[in-house]
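Down below is the structure, laid out as structure tokens.
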Amino acid sequence: DAPSKDYIPLIEKWFGTYTPTAAARKPMGPEFVPVTKERAMVVTDPEMAVCQVQMMNILPARPAVTTTAQWREELVEGIASWIMGRRFQEMVQRGEAGFRSANTRVSSFYKGGVMVSGSASGEPKDWAKMVEQLAMEVNRAREHGFTQHEFDLAKKELLNDAERKGLVTRNVAR
């Protein structure tokens with residue numbers, strides 16, 4: 001954060017003018033190869049005290065968010081992830097989960113795709129139960145959606161979070 005007049009002369013003195021010895025390489029993307037069937041892998045390590053299971057799908061990339069519709073789609077995905085996280089947390093609190101924690105997420109995958117994922121962590125001996133419960137809960141959400149109560153809780157949390165960050169203020173009648 002210094003004025004450029006202070007450091008530009010030093011850069012020129014010590015680095016001079018640089019000319020590349022070869023042409024710049026063509027920028028490459030992630031070069032994804034579409035997956036046409038489900039694959040699974042189990043990797044174990046007896047020295048690990050915790051097990052993590054994941055399931056994921058990589059979808060085609062989306063353009064940068066420039067419209068209200070695109071922004072809404074990402075907001076809905078974030079709300080769905082929040083609701084899923086809450087469901088997983090309730091399962092743990094009730095003692096029904098084969099995992100210690102779990103979550104779902106939708107995110108950019110190296111700008112070349114969209115990764116939709118779910119993960120859970122817990123005791124290594126419970127890995128099969130974790131996979132089963134994670135898949136079951138994700139499929140339940142896909143098939144049946146969420147309740148109005150879950151949406152109301154998510155909305156309240158999102159608004160409270162935005163308010164704490166100073167992004168919004170509420171008009172309170174006095």
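General observations
- Scanning region 115-130 for residues that are buried (at least 17 other Cβ atoms within 10 Å of the Cβ) and not hydroxyl-bearing (Ser, Thr, Tyr) returns 116, 118, 120, 122, 126, 127, 130.
- Any hit, region 105-118, residues being touching a Ser or Thr at 6+ places or on another chain (Cβ under 6 Å) and farther than 30 Å from residue 31 by Cα: no
- Counting the residues of region 1-11 that are modelled with pLDDT under 85 and open to solvent by 100 Å² or more (accessible area, probe 1.4 Å) gives 1.
- Filtered by the rule that a residue be over 23 Å from the mean Cα position of the chain (by Cα) and either open to solvent by less than 100 Å² (accessible area, probe 1.4 Å) or aliphatic (A, V, I, L, M) (or both), region 20-47 gives 20, 22, 23, 24, 28, 45.
- Scope region 48-98; condition in a strand (DSSP E or B), open to solvent by less than 80 Å² (accessible area, probe 1.4 Å) and not β-branched (Val, Ile, Thr); matching residues: 51, 55, 59
- Enumeration of residues in region 131-151 that are surrounded by 14 or more Cβ atoms within 10 Å (Cβ to Cβ) and of a type in the set (D, E, K, R): 137, 150
- Residue in region 119-160 that is farthest from residue 81 (Cα to Cα), counting only those that are outside any helix (DSSP H, G or I) and polar (S, T, N, Q): 121
- Criterion applied to 99, 32 was being modelled with pLDDT under 85 and touching a strand residue (DSSP E or B) at 6+ places or on another chain (Cβ under 9 Å), and the one residue passing it is 32.
- Any hit, region 94-113, residues being under 28 Å from residue 33 (Cα atoms), touching a Lys or Arg at 6+ places or on another chain (Cβ under 7 Å) and among the small types (Gly, Ala, Ser): no
The values are calculated or read from the model by the stated rules, or taken from the named source; none is laboratory data. In this text, all values refer to a predicted model and were calculated from it rather than measured experimentally. All Cβ positions, glycine included, derive from the backbone under ideal geometry; neighbour counts span all protein chains shown. Each accessible area value is taken on the protein alone, full model and side chains, heavy atoms only, with ligands, DNA and RNA left out. Shrake-Rupley method; radii C 1.70, N 1.55, O 1.52, S 1.80 Å.
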